[in-house]
Every structure is written in structure tokens, then in C-alpha cells.
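One structure is given below, encoded as C-alpha cells.
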Amino acid sequence: MIDPFGRSITYLRVSVTDRCDLRCVYCMSEEMRFLPKRDLLSLEELDRICAAFIRLGTSKIRITGGEPLVRRDVMTLFQRLGGRIGAGGLEELTVTTNGTQLAKHAQTLYAAGVRRINVSLDTLDPAKFTAITRWGKIEPVLEGIFAAKAAGLAIKINAVAMQDVNEGEFDDMVAWCGQHGFDLCLIETMPMGDIEGDRTAQYLPLSVIRARLRRRWTLEDTDYKTGGPARYFNVAETGRRVGFITPMTHNFCESCNRVRLTCTGTLYMCLGQNDDADLRAVLRSGASDAELDAAILEAIARKPKGHDFIIDRRSDKPAVARHMSVTGG
Ligand code: SAM
Ligand code: SF4
């Protein structure tokens with residue numbers, strides 16, 4: 001699948017639920033209203049759309065949410081998709097999770113063919129963790145992370161950088177990740193969805209964090225790429241990588257290789273734009289595989305050149321009204 005700007009679209013991110021057992025302050029409002037269950041694609045429908053993408057050349061699928069591991073029976077989706085790895089055409093199946101349910105599922109994920117996972121953890125401080133997630137407890141998440149490590153999964157920790165919240169912790173997090181063999185990726189807050197707070201107060205440019213990290217760590221340039229927007233450095237002292245995702249300060253759209261499917265079957269061709277394609281309607285109209293493929297190709301032909309996120313200090317409206325938990329991070 002090649003889009004109008006010559007980019008090869010090989011990466012599909014799939015949100016399997018908009019629900020979550022946490023309420024991270026930058027992601028959701030406290031009183032989130034979730035979708036009625038009937039609007040969600042069934043696991044069979046999700047598998048069918050993924051199969052179409054794989055047929056059309058998708059080599060990497062990431063399962064996300066909401067919190068993907070809270071969806072009932074979601075392991076059956078991992079097992080089906082895992083069966084498509086290799087000769088089936090899929091090269092990699094991964095997941096982004098908050099880790100609360102990982103201890104239960106780590107071994108099943110590995111057995112299904114998952115080899116790398118991203119776990120979101122913004123702080124190592126239990127009280128701060130509870131404040132950021134509004135009610136979460138850090139212990140099950142840490143237990144989940146170590147269960148995943150024991151199961152053989154490679155782990156990348158994702159942390160959203162927030163001014164005055166966790167900005168003082170990144171030296172400790174680099175050290176902790178180094179000690180346990182995890183990569184670390186720091187993310188700037190993106191203006192997505194109403195969150196009952198002032199985003200300009202949270203926003204912290206990662207250029208500042210990187211400069212501070214350099215006081216203690218030797219960050220060596222690398223050309224390591226995961227096909228994503230992160231820029232990675234080797235931390236000489238730990239031998240692990242630290243990455244920076246800077247959507248607000250650095251435009252990475254020219255190398256974008258991905259599209260996103262929501263749990264209701266809406267395909268977004270860009271995280272920062274509203275144009276979409278309703279694949280659920282296509283599926284539920286009784287479309288054949290050929291018709292489904294055609295609908296996907298038509299959507300890829302509409303992939304825009306890039307996003308225009310702006311955190312505007314004069315307006316408190318998010319640049320994109322839908323929450324990250326709808327499209328999947
Ligand atoms: N629940 C899972 C988790 O937390 O990893 C998967 C979904 S979550 C939406 C995916 C990622 O998006 C998380 O790492 C989260 O920190 C990040 N995220 C959510 N809202 C964000 C925002 N407004 N700006 C930047 N990152 C955000
Ligand atoms: Fe849930 Fe992930 Fe959003 Fe946090 S970032 S509220 S864990 S979906």
C-alpha cells in the first residue's frame with residue numbers, strides 16, 4: 001500500500017476497546033463516557049480487518065486502546081493474529097499496555113508470538129502514580145512488567161513528560177530501565193480530547209529534558225528506528241536506549257508508515273486529522289474480501305501529508321477532539 005506521498009503503509013495500530021481501568025490525567029477526563037458494546041467490532045471482525053491489511057502488505061500490527069488487556073477474551077485475538085506471523089505475512093505483533101493486567105497475560109502473549117511490548121509508566125513513585133492515573137496502584141504494574149520480562153518479552157517503557165509532575169524523575173527512570181534491561185521512550189503531551197485541565201501547563205518540550213539528561217548520561221546518536229516517530233540514543237552508561245517522541249517540536253510526518261483502526265472500525269489515516277473511513281459499515285453490509293480490500297485502498301489513497309497539532313495558549317480547545325484512547329496511542 002503506497003499513499004499519495006509515496007509512503008509505504010506497513011504498520012497498523014488497532015484499538016480494541018476505548019475502556020480503561022485507569023484515568024491518566026493527560027488522556028481521559030474523570031467522567032469518561034464509553035461506547036456502548038454493540039458499537040464495538042467483535043474480535044472476529046477485528047481479525048477480519050487485520051487479515052485484509054496483512055493481505056495488502058501490512059507487516060506490523062500493534063494492539064492498543066483504551067487498555068487492550070481489559071477487553072474480555074482479547075487473548076483469542078492475539079492468538080489468531082499470532083497465527084498469521086511468518087508465512088501468514090505478518091512480521092510483528094505487539095501491544096501497548098498500562099501493565100495492570102500483564103502479570104496474568106504475559107505468558108499467553110509470548111506463546112501467541114508477541115516478542116516486544118510497550119508498557120506505559122510515567123513515574124516510579126507510588127503516590128505520583130496514583131495521582132497521574134487518578135486511582136491506579138503501581139504495584140500490579142511493576143509486577144506485570146517483571147512477569148513480562150520473565151516470560152521473555154522485550155520491554156519498552158513509555159513515559160509522558162509532564163511539567164512539575166514527573167520532570168525531576170527521568171534520571172532515575174533511565175537508571176531503573178538500564179538496571180532491568182528496558183528501553184525508555186519519553187513522549188510529549190499531545191492535544192487530544194477534553195481532559196478537564198490546562199494542557200499548556202502540562203506541556204514540556206523534550207529538548208529541555210534531553211539537555212538535562214546529558215548532564216548525567218552520555219547519549220550517543222544512533223540510527224536505530226522502529227518505523228515510528230521516536231528518535232533514539234544509546235545511553236553509554238547503561239547500554240540501553242532512550243527515545244524521544246516530539247510531535248509538537250519536530251514534524252515526523254514525512255516518514256509516517258502507519259494508519260489507525262478504532263474499536264468501532266473507523267480507520268484514521270492520520271492521528272492528528274479527522275478524515276476517516278468507516279470499515280464497520282463496509283463489513284456489516286456483507287462485503288466480500290475484495291470489497292473490504294478496495295475500501296481500505298480507497299482510504300489509503302486519502303492519507304494526508306501531515307498533522308497540525310498546536311497547543312494554543314489562547315484557546316483551551318484540543319486540536320483534535322477525540323481522545324487518544326479512541327484512536328489508540
Ligand atoms: N492503555 C494503554 C497504555 O496506557 O499504554 C494503551 C493506550 S494509551 C492511549 C497509549 C499511549 O498514549 C500511552 O503511552 C499514553 O501515555 C499515551 N497518551 C495518552 N494520551 C496522550 C496525550 N494526550 N499525549 C501524549 N501521549 C498520550
Ligand atoms: Fe488508560 Fe492508557 Fe489512557 Fe492511561 S493512557 S487512561 S492507561 S488508555
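In table form, for the structure just shown:
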| quantity | calculated |
| --- | --- |
| Given (1) modelled with pLDDT of 95 or more; (2) over 18 Å from VAL141 (Cβ atoms); (3) under 18 Å from the mean Cα position of the chain (by Cα); (4) open to solvent by 20 Å² or more (accessible area, probe 1.4 Å), index of the condition VAL242 fails | (4) |
| Residue check, CYS24 in a loop (DSSP other than H, G, I, E, B) and either closer than 22 Å to ALA294 by Cα or touching a residue at least 24 places away in the same chain (Cβ under 8 Å) (or both) | yes |
| Filter pass, VAL25 being modelled with pLDDT of 95 or more, closer than 30 Å to GLU188 by Cα and aliphatic (A, V, I, L, M) | no |
| Residue in the stretch 245-263 that is closer than 30 Å to CYS177 by Cβ, modelled with pLDDT under 70 and of a type in the set (Val, Ile, Thr) present | yes |
| Among residues of the stretch 160-176, those that are surrounded by fewer than 20 Cβ atoms within 10 Å (Cβ to Cβ), touching a Leu at 6+ places or on another chain (Cβ under 8 Å) and at pLDDT 95 or above, counted | 4 |
| Some residue of the stretch 13-33 being away from ligand 1 (no atom under 16 Å from the Cβ), in contact with a strand residue (DSSP E or B) (Cβ under 8 Å, 6 or more places away or on another chain) and within 30 Å of LEU121 (Cα to Cα) | no |
| Failed criterion for VAL14 (all others in (1) in a loop (DSSP other than H, G, I, E, B); (2) within 16 Å of ligand 2 (Cβ to nearest atom); (3) aliphatic (A, V, I, L, M) hold) | (1) |
| Among the residues listed as LEU90, LEU124, LEU77, LEU102, the single one being in contact (Cβ under 8 Å) with a residue 60 or more places away in the chain and out of contact with any Pro (no Cβ under 6 Å at 6 or more places or on another chain) | LEU77 |
| Matching residues, the stretch 262-311, being loosely packed, with under 14 Cβ neighbours inside 10 Å, in a loop (DSSP other than H, G, I, E, B) and in contact with a strand residue (DSSP E or B) (Cβ under 8 Å, 6 or more places away or on another chain) | ASN274, ASP275 |
| Some residue of the stretch 208-226 being under 20 Å from ASN118 (Cα atoms), of a type outside the set (D, E, K, R) and either at pLDDT 95 or above or outside any loop (DSSP other than H, G, I, E, B) (or both) | no |
| Unmet criterion (only one of (1) on the phi < 0 side of the Ramachandran plot; (2) within 16 Å of ligand 1 (Cβ to nearest atom)) for GLY82 | (2) |
| Where ALA112 falls short, out of the listed (1) closer than 29 Å to ALA294 by Cα; (2) touching a Gly at 6+ places or on another chain (Cβ under 6 Å); (3) open to solvent by less than 20 Å² (accessible area, probe 1.4 Å) | (1) |
| Filter result (under 23 Å from ALA230 (Cα atoms) and not in a strand (DSSP E or B)) within the stretch 149-163 | LYS149, LEU153, ALA161, MET162, GLN163 |
| Residue list for the stretch 145-159, filter: buried (at least 18 other Cβ atoms within 10 Å of the Cβ) and within 18 Å of the chain's Cα centre (by Cα) | ILE145, ALA148, LEU153, ILE155, LYS156, ILE157, ASN158, ALA159 |
| Matching residues, the stretch 1-54, being open to solvent by less than 40 Å² (accessible area, probe 1.4 Å) and of a type in the set (Lys, Arg) | ARG7, ARG13, ARG23 |
| Subset tally (residues that are surrounded by fewer than 17 Cβ atoms within 10 Å (Cβ to Cβ) and under 18 Å from the mean Cα position of the chain (by Cα)) for the stretch 115-139 | 2 |
| The listed residue being within 18 Å of ARG260 (Cα to Cα), of a type in the set (Gly, Ala, Ser) and either more than 14 Å from ligand 2 (Cβ to nearest atom) or open to solvent by less than 20 Å² (accessible area, probe 1.4 Å) (or both), out of GLY82, GLY89, GLY66 | GLY66 |
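Residue-by-condition table, conditions (1) touching a residue at least 40 places away in the same chain (Cβ under 8 Å); (2) not aliphatic (A, V, I, L, M):
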| site | (1), (2) |
| --- | --- |
| ILE132 | yes, no |
| ILE138 | no, no |
| GLU143 | yes, yes |
| LYS149 | no, yes |
| ALA154 | no, no |
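The values are calculated or read from the model by the stated rules, or taken from the named source; none is laboratory data. None of these values were measured; they are calculated from a predicted model. We place every Cβ from the backbone using ideal geometry, glycine too, and count neighbours over all the protein chains shown. Calculation scope for accessible area: heavy atoms of the full protein, side chains included, ligands and nucleic acids excluded. Shrake-Rupley method; radii C 1.70, N 1.55, O 1.52, S 1.80 Å.
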